[in-house]
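To start, the structure under review is shown below, and the notes come after it.
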Amino acid sequence: MNSLLDELLKLTKEPKIAYFSMEIGIQNDIPTYSGGLGVLAGDTIKSGADLKLPMIAVTLISKKGYFRQELDRKGKQIVHPVFWDPSMYMALLPTKITVQIEGRDVALQVWQYNVKSLTGGSVPIFFLDTDVEGNTPEDREITSYLYGGDLAYRLKQEIVLGIGGVRMLHELGFEIKKYHMNEGHSSLLTIELLNMYKRPIEDVWDEKLVWDVDKVKDLCVFTTHTPVEAGHDKFPYDLVEMIMGEQIPLNVLKELGGRNHLNMTLLGLNLSEYINGVAKKHSEVSRNMFPGYEINAITNGVHSYTWTCESFKKIYDKYLPGWANEPELFVRIGRIPDEEIWDAHIEAKKNLFNYIKGETGVEFNINTLTIGFARRATAYKRADLLFSDIDRLERIGDEKLQIVYAGKAHPKDETGKKLIEKIFSIKERLNDKIKMVYLNNYDMDIALKLVSGVDVWLNTPLRPREASGTSGMKAAHNGVLNFSVLDGWWIEGHIEGFTGWSIGPNPTEEILDDTMDTRDADDLYKKLEYVIIPIFYTNRHLWVRMMQNAIGKNAYYFNSHRMMRRYVTEAYIR
Ligand SMILES: *Cc1c(COP(=O)(O)O)cnc(C)c1O
């Protein structure tokens, strides 16, 4: 324990950037993530460590995980808690602090996990935990379920993350030069900062001026991830008063967080000097949603080393040594011979197909064009767009296509759950004309197998709902070609017939009407039949050239090293 504290003492010597996120996906068996947002947070931290940035991260311990997904024969989702033991991965620190919830003092403890890079860099993650002796049984569960429970439960979690997080860092002795809020879940940290930097009442001529908004703004960076109004956390003020009490006067809180309810995005926006969306289009949409705010764009990226499969790592090591810490080296992808790229791809494909066989008993054919689709099962992602006209798909894909799906639905997302069941029933129907499987319990390990082991990565969101999307960037790192609606990052990464293919109209064209699904589906079928299938089966040379372009243009750019360099120069140091 002493060496732990010694280490901590060393860590606290230099001012840090504190990255706050409700979920962090750092490795598969630490189940403190649900999907894209958490995996992005993990990739951010890994790049921070590789680049030796003075960074620390704060999140919740989520002791019972998000959930483990079981799918029955009809695709009905059954939800299981994930029990895991933090002490197997991280160290419990002796430090404790308290936060006030419903008028009670709730004690928080903290676990430290160090993300260590081969470069010698290291970023500690602090996992907050209310499962402390002396807390009421109910309070001990606050950090159990990621995105579980009701609105009150969520607010309690956000108090722990935001207010508790700042207090804990302070107690541990850190000096923080920037607080980076990854989405609105951690916005309450601004309230704690307002209290920390409060001016003495005798020094100000107006009572309101005790709140040093400019000071807090100067310390805060806010990244929004949600292009839909309903996706932003909002709490009615009576609930806020009941659970949080009056940390700052209600009229001040309302001025910062919204008149009618406490909107966590608004709170973050009002107290951050630097604000950004996660792709150019997403920033544009966010500016329309929150007029008057300067919302910049830093397009997401993925951690190259984490999201490259073994066989591609091997050829990158051979031809582009140093690539993992300098993904710009992908610019020289043309040095790798075609055959070696293809062989690496076939190896990844075999690896995926072995997994599919083991999980489902279905044997995929290595020579057949394989489409992958895996993401959160929720309405806007339109997982069923590919099946808009099943007869047409059967005709196009007979003996020429295989399809693999995966994805969890949030336990309260009834439409999402129905979507999985629908895909299961279609799977039955397609049967032996087009082989198709739906893999259980989508997680980071399965994601890597999928984004490297299919030939084409399909994405069909309803515009402009995909803020960025990151799985397509992972695919590009493994030479897997994107076939996607022009939304999020793909607007920036897509060059038709060069890095991959688009589905549906240009992003500048009129959007969101009732005929959208039909038009998108029609374009999807046409390209599949007349462009993608013919190239795959008759022009291997062009296919491999496109794989190289995906790596040399997309992976070259859409990685978290580039993203972090931009956060440093545009958001952290300014
Ligand atoms: C990368 C990843 C995601 C995010 O993918 P999207 O393209 O944003 O849908 C979700 N879940 C897991 C497990 C991932 O690895």
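Looking only at the range 378-418, filter to residues that are part of a helix (DSSP H, G or I) and of a type in the set (Ser, Thr, Tyr); which one of those is surrounded by the most Cβ atoms within 10 Å (Cβ to Cβ)?
Of all residues in the range 378-418, those part of a helix (DSSP H, G or I) come to 379-381, 385-387, 390-397, 414-418.
If we keep only those that are of a type in the set (Ser, Thr, Tyr) as well, we get 380, 415.
Working: Tyr380: 18, Thr415: 11.
Residue satisfying both the conditions and the ranking: Tyr380.
For the range 448-458, the candidate set comprises residues that are crowded, with 24+ Cβ neighbours inside 10 Å and under 17 Å from the mean Cα position of the chain (by Cα); within that set, the residue that is nearest to Val302 (Cα to Cα) is Val451.
Scanning the range 5-19 finds no residues that are surrounded by 24 or more Cβ atoms within 10 Å (Cβ to Cβ) and among the basic types (Lys, Arg).
Can you pull out every residue in the range 95-138 that is farther than 27 Å from Asn28 by Cα and in a loop (DSSP other than H, G, I, E, B)? Working first, answer last.
Just the residues of the range 95-138 that are farther than 27 Å from Asn28 by Cα, to begin with: 95-107, 133-138.
Passing the criteria: Thr95, Lys96, Glu102, Gly103, Glu133, Gly134, Asn135, Thr136.
Which residues, counting only those in the range 283-338, are farther than 28 Å from Leu53 by Cα, among the acidic types (Asp, Glu) and free of Cβ contacts under 8 Å to residues at least 24 places away in the same chain? Scanning the range 283-338 gives a single hit, Glu284.
Out of the range 316-344, which residues are more than 22 Å from Ser117 (Cβ to Cβ) and in contact with a helix residue (DSSP H, G or I) (Cβ under 7 Å, 6 or more places away or on another chain)? Answer for the range 316-344, where residues must be more than 22 Å from Ser117 (Cβ to Cβ) and in contact with a helix residue (DSSP H, G or I) (Cβ under 7 Å, 6 or more places away or on another chain): Tyr319, Val331, Ile333, Gly334, Arg335, Ile336, Asp338, Glu340, Ile341, Trp342, Ala344. The residues of the range 433-461 that are closer than 14 Å to Thr306 by Cα and in a loop (DSSP other than H, G, I, E, B) amount to a single one, Asp443. Does Leu161 satisfy the criteria of being in contact with a Phe, Trp or Tyr (Cβ under 6 Å, 6 or more places away or on another chain), of a type outside the set (Lys, Arg) and buried (at least 18 other Cβ atoms within 10 Å of the Cβ)? Taking the combined requirement at face value, the residue does not satisfy it. Among the residues of the range 462-482, those that are within 13 Å of the ligand (Cβ to nearest atom) and not in a loop (DSSP other than H, G, I, E, B) comprise Ser471, Gly472, Met473, Lys474, Ala475, Ala476, His477, Asn482.
Kindly check whether there is at least one residue in the range 527-545 that is among the acidic types (Asp, Glu), touching a strand residue (DSSP E or B) at 6+ places or on another chain (Cβ under 8 Å) and under 26 Å from Thr368 (Cα atoms).
Looking only at the range 527-545, we keep the residues that are among the acidic types (Asp, Glu), and these are 529.
Remaining after also requiring touching a strand residue (DSSP E or B) at 6+ places or on another chain (Cβ under 8 Å): none.
No, the range 527-545 has no match at all.
Would you confirm whether or not the range 504-519 contains a residue that is assigned to a helix (DSSP H, G or I), away from the ligand (no atom under 16 Å from the Cβ) and in contact with a Ser or Thr (Cβ under 9 Å, 6 or more places away or on another chain)? Let's see the steps before the verdict.
Restricting attention to the range 504-519, the residues satisfying the condition of being assigned to a helix (DSSP H, G or I) are 516-519.
Right, trim to away from the ligand (no atom under 16 Å from the Cβ) and you get 516-519.
Those left that are additionally in contact with a Ser or Thr (Cβ under 9 Å, 6 or more places away or on another chain): 517-518.
Within the range 504-519 (the criterion being assigned to a helix (DSSP H, G or I), away from the ligand (no atom under 16 Å from the Cβ) and in contact with a Ser or Thr (Cβ under 9 Å, 6 or more places away or on another chain)), the answer is yes, since at least one residue qualifies.
Out of contact with any strand residue (DSSP E or B) (no Cβ under 7 Å at 6 or more places or on another chain), modelled with pLDDT of 95 or more and of a type in the set (Val, Ile, Thr), is that true of Ile491? Yes, satisfied. The residues listed here are Lys234, Lys280; of these, the one that is surrounded by fewer than 20 Cβ atoms within 10 Å (Cβ to Cβ), outside the structural domain of Leu151 (by TED's automatic domain parsing) and modelled with pLDDT of 95 or more is Lys280.
Look at the range 3-15: where a residue is in a helix (DSSP H, G or I) and a partner is at pLDDT 85 or above, sitting 6+ places away or on another chain with Cβ atoms under 6 Å, you get Leu4/Ala91. State all residues of the range 323-360 that are touching a strand residue (DSSP E or B) at 6+ places or on another chain (Cβ under 9 Å) and under 17 Å from Leu71 (Cβ atoms); if no residue qualifies, say none. Within the range 323-360, Tyr355, Ile356, Glu359, Thr360 qualify. Quick check on my filter: what residues within the range 529-556 are under 21 Å from Ile491 (Cα atoms) and either in contact with an Asp or Glu (Cβ under 7 Å, 6 or more places away or on another chain) or among the charged types (D, E, K, R) (or both)? Across the range 529-556, the qualifying residues are Arg545, Lys553, Tyr556.
Under 25 Å from Asp43 (Cβ atoms) and either outside the structural domain of Gly231 (by TED's automatic domain parsing) or not in a loop (DSSP other than H, G, I, E, B) (or both) - does that describe any residue in the range 146-157? Show your work before the answer.
As a first pass, look at the range 146-157 and keep what is under 25 Å from Asp43 (Cβ atoms): 146-148, 154, 157.
Those left that are additionally either outside the structural domain of Gly231 (by TED's automatic domain parsing) or not in a loop (DSSP other than H, G, I, E, B) (or both): 154, 157.
Checked against the condition, which is being under 25 Å from Asp43 (Cβ atoms) and either outside the structural domain of Gly231 (by TED's automatic domain parsing) or not in a loop (DSSP other than H, G, I, E, B) (or both), the range 146-157 yields at least one hit.
Looking across the range 23-41 at every residue that is near the ligand (Cβ under 9 Å from one of its atoms) and either surrounded by 24 or more Cβ atoms within 10 Å (Cβ to Cβ) or β-branched (Val, Ile, Thr) (or both), the one that is farthest from Ser62 (Cα to Cα) is identified as Leu40. Scan the range 315-332 and tell me whether some residue there is aromatic (Phe, Trp, Tyr) and under 20 Å from the mean Cα position of the chain (by Cα). The answer is no; no qualifying residue exists. So which residues in the range 483-503 are without any contact (Cβ under 8 Å) to a residue 40 or more places away in the chain, within 15 Å of the ligand (Cβ to nearest atom) and surrounded by fewer than 24 Cβ atoms within 10 Å (Cβ to Cβ)? Answer for the range 483-503, where residues must be without any contact (Cβ under 8 Å) to a residue 40 or more places away in the chain, within 15 Å of the ligand (Cβ to nearest atom) and surrounded by fewer than 24 Cβ atoms within 10 Å (Cβ to Cβ): Leu486, His494.
Restricting attention to the range 536-574, which residues are among the aliphatic types (A, V, I, L, M) and either touching a His at 6+ places or on another chain (Cβ under 8 Å) or outside any helix (DSSP H, G or I) (or both)? Before the answer, list the steps.
First pass over the range 536-574, keeping only residues among the aliphatic types (A, V, I, L, M): 542, 544, 546-547, 550-551, 555, 563-564, 568, 571, 573.
Residues satisfying the conditions are Met547, Ile551, Ala555, Ala571, Ile573.
Scanning the range 59-78 for residues that are more than 30 Å from Thr130 (Cα to Cα) and surrounded by fewer than 13 Cβ atoms within 10 Å (Cβ to Cβ) yields Asp72, Arg73, Lys74. Could you say whether any residue in the range 408-422 is over 22 Å from Phe312 (Cα atoms), small (Gly, Ala, Ser) and within 16 Å of the ligand (Cβ to nearest atom)? There is at least one residue in the range 408-422 that is over 22 Å from Phe312 (Cα atoms), small (Gly, Ala, Ser) and within 16 Å of the ligand (Cβ to nearest atom). Kindly check whether there is at least one residue in the range 109-122 that is surrounded by 15 or more Cβ atoms within 10 Å (Cβ to Cβ), touching a residue at least 40 places away in the same chain (Cβ under 8 Å) and within 16 Å of Gly38 (Cβ to Cβ). Yes: one or more hits. Screening Tyr153 against (1) out of contact with any helix residue (DSSP H, G or I) (no Cβ under 8 Å at 6 or more places or on another chain); (2) more than 23 Å from Asp233 (Cβ to Cβ); (3) surrounded by 15 or more Cβ atoms within 10 Å (Cβ to Cβ) leaves a single unmet condition, (2).
The values are calculated or read from the model by the stated rules, or taken from the named source; none is laboratory data. Since we're looking at a predicted model, the values are computed, not measured. Neighbour counts are summed over all protein chains in view; Cβ atoms, including those assigned to glycine, are modelled from backbone coordinates with ideal geometry.
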